[in-house]
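Trainee: After the structure tokens below, expect a handful of questions from me.
The values are calculated or read from the model by the stated rules, or taken from the named source; none is laboratory data. Model, not experiment: these values are computed from the prediction. Here the Cβ positions follow ideal geometry from the backbone for every residue, glycine too, while neighbour counts run over all protein chains shown.
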Amino acid sequence: MIAKEILKNKFWIVEDQGVKFGTISLNDEQYILNTPTGTKFYHNETSLNNALDKKISWSDLEITETSSKEVHGYKTNCTPFNPMFDVKQKLPLFTKSDKSKSLYCAGYYIIQFDKGWVKSFCPKLITVERYTTKGPFRSEIEMRQELSRVNSK
């Protein structure tokens, strides 16, 4: 388990293998663990670790803007959750929240609708599966070049 520090010596987000487990806050010299199953209080870090049956690795949260909005090298329009790569379709996928079931495709695409080709940034996976698409492209310039090419045919 990893506790990522949000407020210095006051508040942490606890993750277990990359999945949010709960939060820990430190008030009046006691640790408060909030999880979906409830809130528990501990007198020290050792009693907290013993209760969880796992050792917590305490770390500082590092925010890097470029990597936080990418999935496998493709840009996204928000901070991605549950990043994955569909090997069969060769698509970088993500969800927009931790519990969301809607999958989005990272990167730039062009999609052929009835009225013609249109550009799209981070479309839903279901849209990419239902229509003829080209992509993903790593940059908007690449996507525009392909859009020009298909429109000139």
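Trainee: Restricting the first residue to the range 133-153 and requiring it to be free of Cβ contacts under 8 Å to residues at least 24 places away in the same chain and outside the structural domain of Phe94 (by TED's automatic domain parsing), which pairs with a second residue that is in a strand (DSSP E or B) and surrounded by 15 or more Cβ atoms within 10 Å (Cβ to Cβ) meet a Cβ separation below 7 Å and a spacing of at least six or different chains?
Mentor: none
Trainee: May I pose another question? Residues in the range 54-62: is at least one among the small types (Gly, Ala, Ser), closer than 30 Å to Ser139 by Cβ and either exposed (fewer than 14 other Cβ atoms within 10 Å of the Cβ) or in contact (Cβ under 8 Å) with a residue 12 or more places away in the chain (or both)?
Mentor: no
Trainee: Cβ-Cβ below 9 Å, separation at least six or inter-chain, first residue in the range 23-40 and within 16 Å of Ile13 (Cβ to Cβ), second outside any strand (DSSP E or B) and acidic (Asp, Glu): which pairs?
Mentor: Taking only residues 6 or more apart or on different chains, the pairs are Tyr31/Glu45.
Trainee: Suppose we keep only residues that are among the hydroxyl-bearing types (Ser, Thr, Tyr) and loosely packed, with under 12 Cβ neighbours inside 10 Å within the range 129-153. Which one would you say is farthest from Gly107 (Cα to Cα)?
Mentor: The selected residue is Ser152.
Trainee: I need the full set of residues from the range 8-22 which are surrounded by 10 or more Cβ atoms within 10 Å (Cβ to Cβ), farther than 16 Å from Lys99 by Cβ and out of contact with any Gly (no Cβ under 6 Å at 6 or more places or on another chain), in order please.
Mentor: Of everything in the range 8-22, those that are surrounded by 10 or more Cβ atoms within 10 Å (Cβ to Cβ), farther than 16 Å from Lys99 by Cβ and out of contact with any Gly (no Cβ under 6 Å at 6 or more places or on another chain) turn out to be Lys10, Phe11, Trp12.
Trainee: Counting only residues that are in contact with a helix residue (DSSP H, G or I) (Cβ under 9 Å, 6 or more places away or on another chain), in a loop (DSSP other than H, G, I, E, B) and surrounded by fewer than 18 Cβ atoms within 10 Å (Cβ to Cβ), how many does the range 88-127 have?
Mentor: Here the count works out to 2.
Trainee: Which condition number in (1) within 30 Å of Lys134 (Cα to Cα); (2) touching a Phe, Trp or Tyr at 6+ places or on another chain (Cβ under 8 Å) is the one that Ile6 fails?
Mentor: Failed condition: (1).
Trainee: Is it true that Glu129 is acidic (Asp, Glu) and within 16 Å of Lys90 (Cβ to Cβ)?
Mentor: Yes.
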